[in-house]
Amino acid sequence: MLENELYEPMRGWLEQYLNDKYKGYDIIAVDTSQERLDRALSRYGIVYEAANGVDIQIDVLGIARKNADIKLFFIEAKKTRLTLRDLGQLWAYCKLIDPEEAFLLSSAGLGSLSKLIISFAREDLLDYGSGKKIKKMRVGKWNVSKNTIDFGTLIPKI
């Protein structure tokens, strides 16, 4: 399986997740793996100064919009077991843009991240956000046959 084969099922899952969670919001979920985030957002009339001119490419982007209230959601997809490098990539994007939620999902499982986060009790590596609200990236295994997250592997749980 190629990584880009994960994007559409993950996009569909994110769209459903956002529709269920954000009633009354306009929901958009798109594969943005081939374009920079600032360009993808501009198609929907959204400008994030921190993204302008920065080479951020999110695999799947979710937007929940209700009037002036705009929430962003990121999914980074991997077909290999997850590593600290994968987490670092998403963490940097989260620190710059501060999405509402961010997911790092792999069809091959958590890999070395499992040892870091669970065995060494370092869930703090998932932290991002500013001010009083600290958010956590979620990491987990993507179930290819069911086209959904394997919720038993998700850290932290939803």
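The values are calculated or read from the model by the stated rules, or taken from the named source; none is laboratory data. This one's a predicted model, so the numbers in the text were calculated from it and none came from an experiment. Cβ atoms come from the backbone with ideal geometry, glycine included; neighbour counts cover every protein chain shown. The protein model used for the area step is the full one, side chains on, heavy atoms only, and it has no ligands, DNA or RNA in it. Shrake-Rupley method; radii C 1.70, N 1.55, O 1.52, S 1.80 Å.
Largest first, the residues LYS71, LYS79 sort by 1.4 Å accessible area into LYS79, LYS71.
Over all other residues within a Cβ to Cβ distance under 14 Å of LYS66, the charged ones net out to +1, with Lys and Arg as +1 and Asp and Glu as -1. Overall, the accessible surface of the chain at a probe of 1.4 angstrom is composed of carbon and sulfur to the extent of 50 percent. Translational diffusion of the range 3-153 was estimated from the Stokes-Einstein equation, with Rh taken as the Kirkwood radius over Cα pairs; at 20 °C and 1.002 mPa s the coefficient is 137 µm²/s. Rolling a 1.4 Å probe across all protein chains gives THR80 an accessible area of roughly 80 Å².
Rounded to the nearest 10 degrees, the angle from helix 4-21 to the longest Cα principal axis of the chain is 70 degrees. Using just the helices of the chain, give the 222 nm mean residue ellipticity in deg cm²/dmol: DSSP H runs with n ≥ 4 each add -39,500 (n - 2.57), and the total is spread over all residues, rounded to 500. Roughly -7500 deg cm²/dmol at 222 nm, from the helical runs in the chain.
For ARG81, tell me the accessible area in Å² from a 1.4 Å probe, rounded to the nearest 10. For ARG81, solvent-accessible area is about 140 Å².
Of interest is the spacing of the C-alpha centroids, which for the range 49-116 and the range 119-158 amounts to 11 Å. Annotation: ILE70 carries an accessible surface of approximately 50 Å², with a 1.4 Å probe and no ligand, DNA or RNA atoms counted. Net charge dipole, the chain: roughly 460 debye, given to the nearest 20, about the Cα centre with Cβ charges of +1 for Lys and Arg and -1 for Asp and Glu. Accessible area per residue for the chain is 50 Å², calculated with a 1.4 Å probe on protein heavy atoms, without ligands, DNA or RNA.
Per-residue Karplus couplings for the range 33-50, computed as 6.51 cos²θ - 1.76 cosθ + 1.60 with θ equal to phi - 60°, are listed in order as 5, 9, 9, 6, 4, 4, 6, 4, 5, 5, 4, 10, x, 10, 10, 10, 3, 5 Hz, Gly and Pro entered as x.
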